[in-house]
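Beneath this line is the structure, given in C-alpha cells, with notes to follow.
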Amino acid sequence: MTQSALTSTPSAGGGVSVGPRDSKSYKTFTWFNGTFLVLLCGFMLYPFVTVLAQSFSSAGAVKAGMVNVWPVGFNLTTYKVVIANDLFWSSYKNTVVYTLVGTTIAMVLTTLLAYVLARRALRGRNVLIGIAVFTMFFNGGLIPNYVLIQTLGLKNTMWAVVLPGAISVFNLLVMKSFFENMPTELEEAAQIDGLGWWGIFRRIVLPLSKAVIATMILFYSVAIWNDWFAAFLYLDKQELFPVTLYLRNMIAGASSTASQGAAASGSSTSEIAANIQAVTMILTIIPILCIYPFVQRYFVSGIMLGSVKG
C-alpha cells in the first residue's frame, strides 16, 4: 500500500480526497524543514571540518588563513611530531584512566542513590531530594572547594579530578524519575519470590535500565574527558595532566611541542603552533567520536524514559 493510499480519505461523493500529507502546504513545509536541517548540520560540522583540514595542511597555509574545508599543502609532519611526543601520550593515558575510573564511580553512586530516592516510602525522601536540588543552584565557591581538596590530601592525585563531580544532580534526577516509572508489580513479585532489595536492584532493575544507564555513561564520560579546569586547579605535576589540560597549555603557549614541530618542518614556531593545536584537537576527540555511535541509539530513549513522568 502506497503512502498516498494511506493518507487519502473517501469523500462524500464516493471519490477520494487528498490527505494532509499530499497537500501542497505540507510538501512545502517538508522541503523547507529538510533544507533548514541540512543547513543547520552544515553549520555545526563546519568548525570540525575546518580543524580537520588544518591538521592536514601546511603550517604556512594555516597561519595565512588559507584553509577552510579542504587541506592546503597536505602534510603529515605535524601528526608525526605530536605522536612522537611522550608528554602527549602520557596525558592521553591519564585522560583514559580518569574517564574510566571517574565514570565507574559516578555510575555506581548515581545509580544507587537514584534508586533509593525513587522509593516513595523512604523517610526523609523529600528532604534528601531538596538537598540535592539545592546544590544545583548554590555551591561553596572556588576557594572553599580548593581548601577542601587540599585539606583532604587529594591535591596532585587522580581523586582530585574524579571525586568532586562524582554525582551530577541532573543525571541523578533523570535516573530517579526513570526508576519511579518502573512498574511496582515487578518488585512486589520479586519480593514474593524471596528476593531482597539488593537482589531486586541487581537482577531486575538494572537489566531493565540499559537505555538510561548507557545515556548516563555517555554524559559522565564526555564530561570527564573534556574537563580540564579541575586538573588545572588541583594538579601541579605535568605527568598527571589530562590531554585536555595539555591542549589548553599548548593553546596558551605553555608547551614546547610547537618548537619541536618547527624544527622538524623547517617552519617558524608561530606558524607551526596553529597546526599543532589542530592536530592535537583531532587526536583528542577521536575516542569520543568512536564511542558515540554505539551508545547514540540509547540516547533519546534514555532521556525520554527518565525525564517524562508517567
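Coordinate-derived values only; no laboratory data. These numbers come from a predicted model, not from an experiment. For neighbour counting, all protein chains shown are included, and Cβ atoms are generated from backbone atoms with ideal geometry for every residue, glycine included.
Below, the figures for the structure above:
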read-out	value
Exposure proxy order (Cβ contacts within 10 Å, fewest to most) of T110, T28, T78	T28, T110, T78
Residues with amide H under 5 Å from that of S57, placed H, sequence gap 5 or more	V72, N75
Whole-Hz couplings from phi, Karplus 6.51/-1.76/1.60, listed for region 173-180; x for Gly and Pro	5, 5, 5, 4, 5, 5, 5, 5
Loop-located chymotrypsin sites (Phe, Trp or Tyr not before Pro) in region 88-128 whose Cβ has at most 12 other Cβ within 10 Å (DSSP)	none
Principal axis box of region 97-182, alpha-carbon based, largest edge first, Å	42, 28, 19
